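Student: For reference, the structure I am asking about is given below.
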Amino acid sequence: MIEVLIADITTLAMDAIVNAANPSLLGGGGVDGAIHRAAGPELRRFNATLGGCPTGEARLSPGCRLPARWVISTVGPIWQGGERGEADLLAACYRNSFELAASQGLQSIAFPAISTGVYGYPKAAATHIAVREMRAREADFERIVACCFSDADAVLYRAELFG
Ligand code: AR6
């Protein structure tokens, strides 16, 4: 089942929450900053052992002090106008995150709107890709949550899902 929630993703008690990280995996602003603050310094210490993550890929970390059991960090593309493979890279973020979760036997996973903040991906186009990739894995998970940080984002997700 795919659900749209308006929430701070750090509050969600899921098997995994996905982080919209940067390639260092060592923290940053936006949802990445919020997740590192809520998880505590253990997350940064663990991630320092991972050796970074290229754009489009995903890495698994323990949830540390979060209510979520695991953090899946993925690195979205920086929007550069749309001709630099951004759509495929964004889809890869969702696919690789789902693949990692499935390989661990996880049943519930929440995603933020990857790349749509600091990385500048146009929200409607990103939502279309996110929902398409969620639908592709809907049968494999008990709960898939699109965790929106604003009412406006939730309107986009609901339109894409139910409109
Ligand atoms: N819970 C859920 N969603 C949130 C939260 C939160 N606590 N905080 C922000 N969002 P962004 P990006 C939403 O900028 O575009 C970081 O510095 C936000 O409203 O966090 O992939 C990293 O280190 C937006 O809809 O991620 C990278 O350098 C969405 O999360 C860079 O930003 C994504 O916005 C990644 O940029």
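Student: Using the alpha-carbon centroid of each, what span in Å lies between the range 125-162 and the range 11-27?
Tutor: Distance between centres, Cα-based: 17 Å.
Student: Treat each spin label as a single point 7 Å out from the Cα along the C-beta direction, and report the A159 to T49 distance in nm.
Tutor: In this crude spin-label approximation the distance works out to 4.5 nm.
Student: List the DSSP H helices in the chain whose Cα atoms stretch 24 Å or more along the helix axis and whose mean Kyte-Doolittle hydropathy is at least 0.5.
Tutor: Working: long enough: 86-103 (25 Å, 0.24).
Once both thresholds are applied, nothing remains.
Student: If I model a spin label at E138 and I6 as a point 7 Å from the Cα along the Cα→Cβ vector, what separation in nanometres do I get?
Tutor: Between E138 and I6, the label points sit 2.3 nm apart.
Student: A further question on this structure: List the GluC sites (Glu not before Pro) in the range 58-127 that DSSP assigns to loop (not H, G, I, E or B) and whose Cβ has at most 10 other Cβ atoms within 10 Å. Which are they?
Tutor: Details: sites: E83, E86, E99; in loops: E83.
Answer in residue order: E83.
Student: I want the antiparallel fraction of DSSP beta bridges within the chain, as a percent rounded to 5.
Tutor: Values: 5 of 22 bridges.
Restricted to the chain, the bridges split so that about 25 percent are antiparallel.
Coordinate-derived values only; no laboratory data. Just so we're clear, the structure is a prediction, and the values are computed from it rather than from any experiment. Note: ideal-geometry Cβ built from the backbone for every residue, glycine included; neighbour counts use all protein chains shown.
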